Amino acid sequence: MGAAVERNRLLQGLAAFCEAHPIDEKILLVPSFAVGTQILDALARSGCAHLNLRPATLFSLALEVAGPFLAADGRRLLSRAQLLAVVESACDEVLKADSYFGKLRERVGLHRALHRTLDELRRAGVAPGALPAEAFEDARKARELAALARAFDATLERIGAADAAEVFDRAARACAEPLRRIPASAHVLRPAGLELAPLEERFLASCAPVTVPLDEDSPETGSTLPALTFSHALSEENEVRGVFRRILDDGLRLDDVEIAFDDDATYRPLLYELASQYGVSCTFDDGVPVTYTRPGQGVLDYLDWIAHDFRVAALERLLADGRADLKPFQPAASRVGGIRTARFLRRARIFAGASRYVPRLDALVERERQPESEGEFGGVRDAVRAERLAAAETLRSFVKRLFSLTPTISRGRVSLPALAAACREVVGEMLTRASDLDGAAADALAGLFQQLAELPERALSCAEAANRLREAVVGLAVVSATPAPGHVHVARLSRAGYSARPRTFVLGLDEARFPGPPRQDPVLLDSERDALNRTLPAASRLGLPGLSSADERRHALRALLARVRGKVVLSFSNRDILQDAERFPSPVLLQLYREREGTPEAGYDSLAKSFGEPATFVPGGAPLDETEWWLASIRAAPGVPGLGVEVERAYPWLADAARAETERGGEAFTPWDGRLSAPQAELDPRKTKQPLSASRLEKLAKCPRAYFYEYVLDLSPPEEERSESDWLNAREFGNLLHEVLYDFMSGLRAEGLRLDPARDAARLKAAAGKKIARWRDLVPPPNLAALRAQQDELLAACDIFLRSEAENPASTPRWFEVPFGLKRASRDEPLGSPDPVEIRTPGGAFLLQGQIDRIDETGPGQYAVWDYKSGGDYAFREEDRASRPLNGGRLLQHALYRRAAAQLLSRAGTPAAEVTSGYFLTTRKGKMQRFKLDAHPADVDETLDDLFALVASGSFPHTADEADCRFCAFRSICGDVAVTAARAAKKRDSEPADPLLEPLRAIERRGV
Ligand code: SF4
């Protein structure tokens, strides 16, 4: 225990009363049990023994009296969330679309405001019939409020329930019988600041006709100010950091400190987050919102999922953020994480809609059961495949269970109590609990949903039902606590200052936030309350919040300052970081400064001088964690730009990064630019004899760094994000088109027919329809519009194909999709072969694998190789086709396939075939172009040798042309590609030339 508590006026009064009545029963009226506990604790620590003194809220006394009567009548007390639901059902019953509140009748905000107002009227003892129309700006409003109050009352009656007003009313009536009163021997002690509603006053007067007033420190009693300090910070976050740092700087014990604020929505979450981050133990008077826990966040994800037609985004969050408990759904002996299942969920392409889940997840599991399709490096390893299958199966089981818990949705509507019951099950069975706080939240949520599940049946749209439950969850907090040893205590202004701690911090005292603008009751305006008060007895008068709310908040601060003893730090945020705008201290601070200094004329300049240095991200004194320590050290001893010498010493890789950045900006080609320390023989395909594809060589020419990532480091980009407006991606659409053309052309050939556009249009369309159906199954479209758009694109490509074929009657299509060097069975094309072809150049030989889309016979011993392209023509600029047929190696396929086709023909018995090659751009984007490219064989050889020389020397610089990055999958790891490309060009063209980059210079010089 710390030093003895200095008594404030309330403690003095209590101590005096306890000394005068040491053994009598004494009941201290308090606003909450938490405050009462603190007062009694402070009293004991101040040296006063208090026997037979107990704190009680007036409501708890009323419940003691009224409880047996309510129980005898079968009435139960409803929670706030349940009462809100009763207000909602009253709105359903009373409000029509064209009535006064009609347009807002579905809004949760209106229900909350109505609940507040109805509760206030009931506690003031104002009967529904006592609302005169002339007091309202619109007579309909008076009628509707009265009707709502009656409907609320009737619903409570019908469902056998009661609210707080009813409890007070019952208790006051019961106290008419003397035996029901508080025993005459008990002293009811009432602190001067305790404000009661009219009905509460009535109950108090009837249950304990004699109460003992206790004096309190308050602004009205002229209490002196405690020792005040003023401080400021750069943002609210730093305000909180400033408090924690000051605790360290001043060597305070955590249980010497209390933190108070008025803006609960801002400061409680901030304090919770930062206290958790820095390991500062805190007790929160109002508890911790369940939305900070995994069960709270998880159930909100579930409700979002229901509200938005089962869109996968919410479910993905639930899985990826580790809120789903996947253990019960994992196959034996496997461990599947949330991120992986979330990735598989995206891969299933469900998008939205309950009916899509089961078939899509079944298809996903089936897909994962199939062997991996053959690629350049063969299939993935078995263990990896087993893991993937386990993830798909876990996901399917989890989702199926989630659906089995979800209530039936009929025509977009769902039963609110049934949904609440489902939430209770979801929390209990499907969400993670990783801490005690999670456990407390799960229990509280289960209790909340149980209460809501017991409400009368009510069918709402899914969005409305989810919204109602979301509101209830958001308002729920757990582990509200009284001050505890070893903990900072955190409370709102009106509840703070009772812990008798020697150091109090008050946050959020900026002009915008405190005391804040007037806040009218949106249901019952001040003007209406004023008019209403003229018709009500004095005891039932209503407050005027619009007029008094700012005063009340100022009063709460002054009352806090009056009751605390010790030192108080008043702080504010001087900057709105989001808006990048300056903030100023509240006028209340100036007033307090003047009082402290005894200078009524002091201005803001003088106040500002008292603030000292603001708390910022960089600590001035004691750091809270390692990051802060580093920030402070960097400021104290700056090293290379952006780094301190200490950082460089402690984290050499950061120093390396700084050096890398410097080297990359220079002219030399260094290890930080893609130069391996030594040539690697295993990288040279001419030595390894590993077959490679034309596209791999084109990638090397386009950007050696991209080649390095993909083929040396074996990196693959993360699963692509699919847009909901597209069905197939470019690669899939290309495959679809190839399949359609293959089926169509090979079908004609099988029947010995030459293509006739008039006759064959329907046949091609049918082939397209068949393949679309297949791909629809493989990759479900997100919606009909996306499917139609690509279906139209495909049919247009088919049309282009037919017309183009009609314009080329001289050639005979002979072979289609001719594979070479691929293990998969040749599509009965006699030219196909599992063996790669060998391509010889002056520098050596390498093995090529691939698949030729089509080979036409154009004359005796003459053949044309065609490659279908489904994209645009940007890679084939018309003006470059003759002069730059290789485009610096970016277009090698035509030249390589030409050689490959000649070899395949030769193997098949046509040894000296003349072969040309070109591209057929079959879609609207490709403008239906068909053209040949003709590169000189020596240029092809030299370009290939240059590329192999680059690889063999272990040189993988970035591309020097930013345009190469346009569709690159590695963009996200290359930084600013404009800068990267400019640097690469500078290094390639620097003088004297780096021999390692000479192959790139040669390709550039060659210009083909
Ligand atoms: S983004 Fe550009 S520089 Fe980076 S790997 Fe891709 S093509 Fe090369």
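Full extension of the segment from Glu595 to Ser883, taken as 0.36 nm per residue of separation minus the current Cα-Cα distance, would add 95.0 nm. Restricting segment 10-111 to GluC sites (Glu not before Pro) that sit in a DSSP loop and have at most 11 other Cβ atoms within 10 Å of their own Cβ leaves nothing.
For segment 499-570, the fraction of C-alpha pairs farther apart than 14 angstrom is 68 percent.
Computed from the alpha carbon positions, the gyration tensor of segment 399-507 leads to an equivalent ellipsoid with semi-axes of 37, 16, 10 Å, biggest first. Legend: calculated FRET efficiency, Asp989 to Glu838, from the Cβ-Cβ distance at R0 = 56 Å, rounded to 0.05, equals 0.95. Residue-normalised convex hull volume from the C-alpha trace of segment 536-655: 225 Å³ per residue.
Under a Cβ-only charge scheme (Lys and Arg +1, Asp and Glu -1), can you give me the dipole magnitude of the chain about the Cα centre, in debye to the nearest 20? Charge dipole of the chain: 1960 debye, to the nearest 20. Evaluated with a Cβ-only charge set (Lys, Arg +1; Asp, Glu -1), segment 739-801 carries a dipole of roughly 140 debye about its Cα centre, given to the nearest 20.
Assuming a ≥ b ≥ c are the square roots of the Cα gyration tensor eigenvalues, decide whether the chain counts as rounded (a/c under 1.5), prolate (otherwise, with a/b larger than b/c) or oblate. List each step's numbers first, then the result.
Numbers: a/c = 3.14, a/b = 1.98, b/c = 1.59.
The shape class here is prolate.
Taken along its three principal axes, the alpha carbon spread of segment 923-1008 comes to 45, 36, 21 Å, from the longest extent down to the shortest. Here, segment 755-831 is characterised by an Rg to Rh ratio of 1.05, where Rg is the alpha-carbon radius of gyration and Rh the Kirkwood radius. Rounded, prolate or oblate: pick one for segment 824-974, where a ≥ b ≥ c are the square roots of the eigenvalues of its C-alpha gyration tensor, a/c under 1.5 means rounded, and failing that, prolate if a/b is larger than b/c, else oblate. Note, shape of segment 824-974 comes out oblate.
Please say if segment 99-232 is rounded, prolate or oblate, where rounded means a/c under 1.5 for a ≥ b ≥ c the square roots of the C-alpha gyration tensor eigenvalues, and otherwise the choice is prolate for a/b larger than b/c and oblate otherwise? Note, shape of segment 99-232 comes out oblate. Packing order of peptides 48-54, 747-753, 762-768, highest average first: 762-768, 48-54, 747-753 (average count of other Cβ atoms within 10 Å over each peptide's residues). In summary, the lysines within cross-link reach of Lys327, defined as a Cα separation below 29 angstrom excluding same-chain residues under 8 places away, comprise Lys400. Positive end of the dipole of the chain, charges at C-beta (+1 Lys, Arg; -1 Asp, Glu), about the Cα centre: which of Gly497, Ala171, Ala658 has its Cα farthest in that direction? Result: Ala171, furthest along the dipole toward the positive end. Binning all Cα-Cα separations of segment 579-622 at 10 Å, short to long from zero, yields these whole-percent fractions: 23, 42, 28, 7. The trypsin sites (Lys or Arg not before Pro) of segment 870-901 that meet both conditions, a loop assignment by DSSP and at most 16 other Cβ atoms within 10 Å of the site Cβ, are Arg877.
Toward the positive end of the charge dipole of segment 821-977, with +1 on the Cβ of Lys and Arg and -1 on the Cβ of Asp and Glu, the farthest Cα among Ala963, Ile855, Asn887 is that of Ile855.
Each label point was placed 7 Å from the Cα along the Cα-to-Cβ direction; for Phe967 and Leu248 their separation is 5.3 nm.
Shown is the FRET efficiency for Ala205 and Leu225, computed with R0 = 56 Å from the Cβ-Cβ distance and rounded to the nearest 0.05: 0.95. The angle between the Cα long axis of helix 587-597 and the longest principal axis of the Cα atoms of the chain comes to about 60 degrees, rounded to the nearest 10. Ordering of 656-669, 237-250 by packing is 237-250, 656-669, highest average first (other Cβ atoms within 10 Å, averaged per residue).
Residue order for Cys18, Cys175, Cys423, fewest other beta carbons within 10 angstrom first, comes to Cys18, Cys175, Cys423.
Straight-distance candidates among the lysines for linking to Lys103, with alpha-carbon spacing under 23 Å and chain neighbours fewer than 8 residues away dropped: Lys141. Averaged over residues, the count of other Cβ atoms within 10 Å places the peptides 515-523, 472-480 in the sequence 472-480, 515-523, highest first. Taking a 27 Å limit on the Cα-Cα distance, which of the listed pairs Lys689/Lys986; Lys687/Lys823; Lys925/Lys987 fall beyond it? Beyond 27 Å between Cα atoms: Lys689/Lys986; Lys925/Lys987. Derived scalar couplings between HN and Hα for segment 422-430 equal 5, 4, 4, 5, 4, 4, x, 10, 10 Hz in order, rounded to whole Hz, by the Karplus curve 6.51 cos²θ - 1.76 cosθ + 1.60 (θ = phi - 60°), x for Gly and Pro. Relative to the longest principal axis of the Cα atoms of the chain, the long axis of helix 108-123 makes an angle of roughly 10 degrees. Across segment 650-717, Cα-Cα distances exceeding 21 Å account for 40% of all pairs. Taken over segment 334-478, the convex hull of the Cα atoms encloses 127 Å³ per residue. Note on the chain: helix-only mean residue ellipticity at 222 nm, from DSSP H runs of 4+ residues weighted -39500 (n - 2.57) and normalised by residue number, equals -15000 deg cm²/dmol.
Taking only alpha carbon atoms, segment 229-332 gives an Rg to Rh ratio of 1.13, where Rh is the Kirkwood radius.
With θ taken as phi - 60° and the Karplus curve 6.51 cos²θ - 1.76 cosθ + 1.60 applied, the whole-hertz 3J(HN,Hα) list for segment 332-340 is 3, 6, 10, 10, 10, x, x, 5, 5 Hz, x standing for glycine and proline. Taken about its Cα centre, segment 223-333 carries a charge dipole of roughly 480 debye when the Cβ of each Lys and Arg holds +1 and the Cβ of each Asp and Glu holds -1.
Residue farthest toward the positive end of the dipole of segment 528-659, with Cβ of Lys/Arg at +1 and Asp/Glu at -1: which of Val618, Leu536, Ala602? My answer, from the dipole projection, is Leu536. Taking every Cα-Cα distance in segment 611-762 and sorting them into 10 Å bins from zero, the calculated P(r) comes out as 8, 17, 17, 19, 17, 10, 6, 5, 2, 0 percent. Would you mind checking the tilt of helix 198-207 against the longest principal axis of the Cα atoms of the chain, expressed as 0 to 90 degrees and rounded to 10? The answer is roughly 50 degrees.
Read the figures in this text as sums done on the coordinates, not as results from a lab. Since we're looking at a predicted model, the values are computed, not measured. Neighbour counts are summed over all protein chains in view; Cβ atoms, including those assigned to glycine, are modelled from backbone coordinates with ideal geometry.
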